[in-house]
Amino acid sequence: MALSISLVLLLGIIVVILVRTGYQRILPGIATCLFGFFLASTGIAPGIRSAITSLSGWISSISF
């Protein structure tokens with residue numbers, strides 16, 4: 001749960017930066033958010049969630 005909140009916060013900050021710098025416009029951003037919400041209610045959502053969890057576990061296992 002803490003990972004998903006951190007990921008949402010990080011992605012939110014990235015979106016705000018992109019909108020403020022002009023690289024991302026508001027209407028395409030809204031369309032992208034709606035696509036994400038509708039994608040989350042499909043059958044592929046558990047696969048995406050497990051891939052993100054696996055990727056974050058792999059990144060956290062890398063020691064510098």
* **Principal axis dimensions, the chain - Cα atoms, whole angstrom, descending** => 36, 34, 17
* Asked: Helix 2-21 sits at what angle to the longest principal axis of the chain, using alpha carbons and giving 0 to 90 degrees rounded to 10?
  -> 30 degrees
* Asked: Pulled fully out, how much extra length does the chain show between Gln24 and Ile59, if you take 0.36 nm times their separation in residues and subtract their Cα-Cα distance?
  -> 9.9 nm
* Structure fact -> Sequence order, the stretch 29-45: Karplus ³J(HN,Hα) from phi using 6.51 cos²θ - 1.76 cosθ + 1.60, θ = phi - 60°, Hz rounded, Gly and Pro as x, gives x, 5, 4, 5, 5, 5, 4, x, 5, 5, 5, 5, 9, 9, x, 7, 4
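A short reminder: the numbers here are calculations on the coordinates, not readings from a lab. Since this is a predicted model, take the numbers as computed values, not measurements.
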